[in-house]
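In what follows, a single structure is set out as structure tokens and then discussed.
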Amino acid sequence: MKRSALLLACVWAVVAAAAPVEKPIAVVGDPPAIQMLVPGFTVRELPLDLNNINSLVYAPDGRLFALGYDGNVHQLKDTDGDGLEDSSTLFYKNDQNEIKPSIGMAWGPGGLYIASQGRVIRLRDTGDGTGALETLTEGWVPPTGKAGSSLDSVGIAVDPAGNVFFGLGCDNWREAYRVNPNTGKSDYDVYSERGTILKLGPKGGKREVIATGLRFTVCLAFNAAGDLFCTDQEGATWLPNGNPFDELLHIQPGRHYGFPPRHPKYLPGVIDEPSVFDYAPQHQSTCGLHFNEPVAGANTTFGPAWWRGDALVSGESRGKLWRTKLVKSAAGYVAQTELIGCLKMLTIDAVPTPQGDLLVTCHSGKPDWGTGPTGKGKLYKISYLDKAVPQPVFVYAASPTETRVVFDRPLDPAQFRNLAKQCRITMGRHVTAGEQFESFRPGYEAVKNQMTVPRYEVEVSSMEVGADGRSLVVRSAPRTEALNYGLTLPEFGRTSRVRDEGRHELRQYAGIDLLADLTGVEATWQDAAGKVGWSGWLPHPDLTVARGLTAASEEHQRLFQLMKTPGTLTVRGQLDVWSMLHPAVQPGAKLDYEYPPETVTVVFKSANPLGLRRTVKASMQRLNDHEFRLTTSRTENDWLQYEFALATGPAEPNVDVHWFTAEDSRPRALPLRRVLLPWATPRAAEVFATGPRVVPEIEGGDWERGKKVFLSEQAGCFKCHQLHGEGGRIGPDLSNLTQRDYASVMKDITQPSAAINPDHLAYNIDLKDGEAVNGVILDDTPAGLVLGQANGTTITIAKNRIKGMKASSISLMPEGLLNGLSTAQQKDLLTYLLIEPPKKKGK
């Protein structure tokens, strides 16, 4: 009895010692301009003084063009041969504001193609270093005025045949279903051009709708296979069921991409196409998208050779650079993403160069919009110089106590002596790689809540080089919960430093920061005699996907060579098949409907003999010796367990794994996030506050009194802003402020020019008679401009009176609006802005 008690006490002591310890993020106080999270890279700043740049494009002959937020298009050159562009000339000077603030530029036949407000234009290359503006297509803005955003046409790509593809922003992201207050029915038209990808032929003509359900496709790009992809920014801040993540989408004709999503009353007849990848946590604002392919006839790409073809994506609102590897299976693309860099400026675009570098453009200011068209931006060049240092390929959980980092070349064991104490593993739902370098975050309540979700440090017991010489084995306390696990090695590799003449040194931290999770499958290969020849981890049960994602791993390539010989591959894992065709919901939101239960079928198919060994809670249909199907209806966190065996040899075998549902039989690939290790357990559900939102700073404020302040002449807010259907339309609609945090809203009120909303830019307009006017352009017709004034009135200016116009660096909204209000009135007003309307009795 005493012995049992002693043994039990020892067990509990071990468990207690290994228990994760809650630890907040220790943010780096003065991070470098660009912090690379993988080794071998050097960052330099271009010696240019330009306004904020939105897009970067290389012409086939190697010329580099930069589209300014102010509509000016620059050609950048390196005049002294040091690898840094140091000269800028104007390819197009936007004196007459012909190019409204635009995001999206591509090279096509004859010149540069730009998606701009109300039209798509081409800057025809005249051959003398300048471009002549031509309108390719226009006319989608309704006669009653603008719909959607001032940045209504966003994202553009041109295919080799000269077809132009561009995105047209949604009709109204604040009220996506456009519910008619008189009829209670939706005015959203899935057959309209709004919220779509459009195709325009090489010779112009009629526009063709390719895909619907898009919010704002900030960047479009074709990969080497000729497939079209785009970044689409999240919409759940404005629509609870509008998907809370920024997405990478594979655009396929006839698909609907979920903004707005299917709704039993307002939009019952669509299927919401899942994204290829969701960039989390919420509010990343994905912008630039370029594929890492040779540029302008060169044969080099950015980074290690095995990065070739990967999507390079920039995140504006939190300063991010991602590398997303895409593998095309028989049923579609599967994505594996690594965060490779954190920046301390708003990150807009990142394009590979002909020399194999990465050119990055950043805006000054803070999220969401920065300093606007007249603000000063910066350009950086990231170079892969130290190619001898081992590069991490991927990281995975080999067991509950073991994490492995696979590298692309042999490691030096001596380098890792005494580093186990410096290695850190942090776990949590919203943990990311390199989060200690995240310099700023957008001011949304959801982001604030992300930071309150606990993060825990997992005790690391040892670290060593694996038997293959190319992997790092990190042993730690047990972890089985399907969370994110950030792995940091602060002193890996060598420190890279470059000093430019006359410029500051750009510091580079030499460690690595990676993100692991509990996705993947356990696999074992036995030869014909039953002897185990390989045992380990694969990222996916579909072997085309697994092979593509592990191509740079020597150990995994050994498995695929073994599989060309007679034997048996056994694969074990779990699948999360809950809510496959339903977009994620804004955290804490309550929908006004319920999705019907989904019946999901997962198909396993191979040319080689294939057999199911085990499954739980699913019906199995065996079609023949080469295909079986598992059909199930699951609830959240109720995962499907399976195990199958594949006969291997004489040629390299494959297993095709895809899924479909009872309501949509089209096959789709399984995203990595739905493929779980057999020992992984579901994460605990996040707890969200119920009842009215509580904002401590406005405690004691009254919503009804705040409404009176908003609508009063004293505050004057209603003259320019609309809230809950009341007020003017000169300034932004404030109905989404219930999703914003107190600090960011106060900053917008007290510092209105700190971030310039692109939908409500003020313009300084010089008239031919010497007068000058200022205002927000509410309507732009061939005859004249309708300008909204700071006092809420409008004026019309004939086009023939205008001498020139330029975007203002100052918001139309004046400072000091709160100065005339008492402290109690300020609290009441902020209560009206930040809190949902009180429910009426009986509702």
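The values are calculated or read from the model by the stated rules, or taken from the named source; none is laboratory data. Here the structure is a predicted model, which is why all the values come from computation and not from measurement. FYI the Cβ positions are ideal-geometry reconstructions off the backbone, even for glycines, and counts take in every protein chain you see. In case anyone asks, the SASA skips ligands and DNA or RNA and just uses the protein heavy atoms, side chains included. Shrake-Rupley method; radii C 1.70, N 1.55, O 1.52, S 1.80 Å.
Okay, here's what the table says:
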quantity	calculated
Residues of segment 519-539 classified as in contact with a Pro (Cβ under 9 Å, 6 or more places away or on another chain) and either at pLDDT below 95 or not in a strand (DSSP E or B) (or both), total	2
Yes/no for N736 being more than 18 Å from G706 (Cβ to Cβ) and out of contact with any helix residue (DSSP H, G or I) (no Cβ under 8 Å at 6 or more places or on another chain)	no
Verdict on A807 being among the small types (G, A, S) and open to solvent by 30 Å² or more (accessible area, probe 1.4 Å)	no
Output for segment 581-613, where each listed residue is among the acidic types (D, E) and crowded, with 18+ Cβ neighbours inside 10 Å	E598
Selection from segment 78-96 of residues that are in contact (Cβ under 8 Å) with a residue 40 or more places away in the chain, assigned to a loop (DSSP other than H, G, I, E, B), under 30 Å from D780 (Cβ atoms) and of a type outside the set (S, T, N, Q)	D95
Residues satisfying the stated conditions in segment 738-770, i.e. open to solvent by 20 Å² or more (accessible area, probe 1.4 Å) and closer than 18 Å to D95 by Cβ	N764, D766, K768, G770
Selection from segment 668-720 of residues that are among the aliphatic types (A, V, I, L, M) and either free of Cβ contacts under 8 Å to residues at least 40 places away in the same chain or open to solvent by 80 Å² or more (accessible area, probe 1.4 Å) (or both)	A685, V687, A689, V694, L711
Subset of segment 290-319 [touching a Ser or Thr at 6+ places or on another chain (Cβ under 7 Å), in contact (Cβ under 8 Å) with a residue 60 or more places away in the chain and at negative phi]	N292, E293, P294, V295, A311, V313, G315, S317
Test: R547 is closer than 24 Å to A331 by Cα, among the charged types (D, E, K, R) and in a helix (DSSP H, G or I)	yes
Residues satisfying the stated conditions in segment 168-201, i.e. open to solvent by 20 Å² or more (accessible area, probe 1.4 Å) and touching a Pro at 6+ places or on another chain (Cβ under 7 Å)	Y188
Among the candidates V209, V218, residue that is open to solvent by 20 Å² or more (accessible area, probe 1.4 Å) and either assigned to a strand (DSSP E or B) or modelled with pLDDT under 95 (or both)	V209
Criterion: open to solvent by 60 Å² or more (accessible area, probe 1.4 Å), part of a loop (DSSP other than H, G, I, E, B) and over 29 Å from V218 (Cα atoms) - qualifying residue of N800, N791	N791
Members of segment 150-195 found to be at pLDDT below 90, in contact with a Phe, Trp or Tyr (Cβ under 7 Å, 6 or more places away or on another chain) and polar (S, T, N, Q), listed by number	S153
Filtered residues of segment 762-792 (kept if under 20 Å from D733 (Cβ atoms) and without any contact (Cβ under 8 Å) to a residue 12 or more places away in the chain)	V786
Candidate set: segment 59-71, residues that are open to solvent by less than 20 Å² (accessible area, probe 1.4 Å) and not in a strand (DSSP E or B); chosen: the one farthest from T286 (Cα to Cα)	A59
Residue match in segment 254-271 (condition: of a type in the set (D, E, K, R) and under 26 Å from T432 (Cα atoms))	no
Cβ-Cβ under 7 Å pairs, at least 6 apart or on other chains, segment 182-204 side free of Cβ contacts under 8 Å to residues at least 24 places away in the same chain, far side outside any strand (DSSP E or B) and of a type outside the set (S, T, N, Q)	D187/R178
Residue in segment 469-482 that is free of Cβ contacts under 8 Å to residues at least 40 places away in the same chain, farther than 30 Å from L737 by Cβ, open to solvent by 40 Å² or more (accessible area, probe 1.4 Å) and not charged (D, E, K, R) present	no
Single match in I99, I34, I114 (criterion: without any contact (Cβ under 8 Å) to a residue 40 or more places away in the chain, in contact with a strand residue (DSSP E or B) (Cβ under 9 Å, 6 or more places away or on another chain) and open to solvent by less than 30 Å² (accessible area, probe 1.4 Å))	I99
Test for L56: is it in a loop (DSSP other than H, G, I, E, B), under 30 Å from N764 (Cβ atoms) and either of a type in the set (A, V, I, L, M) or at pLDDT below 95 (or both)	no
Residues (buried (at least 18 other Cβ atoms within 10 Å of the Cβ), touching an Asp or Glu at 6+ places or on another chain (Cβ under 6 Å) and not in a helix (DSSP H, G or I)) located in segment 428-455	A433, G434, P442, G443
Among (1) open to solvent by less than 40 Å² (accessible area, probe 1.4 Å); (2) over 22 Å from G370 (Cβ atoms); (3) free of Cβ contacts under 8 Å to residues at least 40 places away in the same chain - the single one H74 does not satisfy	(2)
Any hit, segment 223-240, residues being in a loop (DSSP other than H, G, I, E, B) and among the β-branched types (V, I, T)	yes
Options N764, N757; residue that is closer than 18 Å to K100 by Cα and within 25 Å of the chain's Cα centre (by Cα)	N757
Residue within segment 386-406 that is touching a residue at least 12 places away in the same chain (Cβ under 8 Å), over 30 Å from R475 (Cα atoms) and surrounded by fewer than 19 Cβ atoms within 10 Å (Cβ to Cβ) present	no
Yes/no for R470 being in contact with a Pro (Cβ under 8 Å, 6 or more places away or on another chain) and closer than 30 Å to S317 by Cβ	no
Selected residue (only one of G788, G792, G820 is within 18 Å of H721 (Cβ to Cβ) and over 37 Å from the mean Cα position of the chain (by Cα))	G820
Tally, over segment 649-667, of residues that are out of contact with any His (no Cβ under 9 Å at 6 or more places or on another chain) and either open to solvent by 40 Å² or more (accessible area, probe 1.4 Å) or of a type in the set (D, E) (or both)	11
Selection within segment 521-554 - among the small types (G, A, S) and open to solvent by less than 10 Å² (accessible area, probe 1.4 Å)	A523, A546, S553
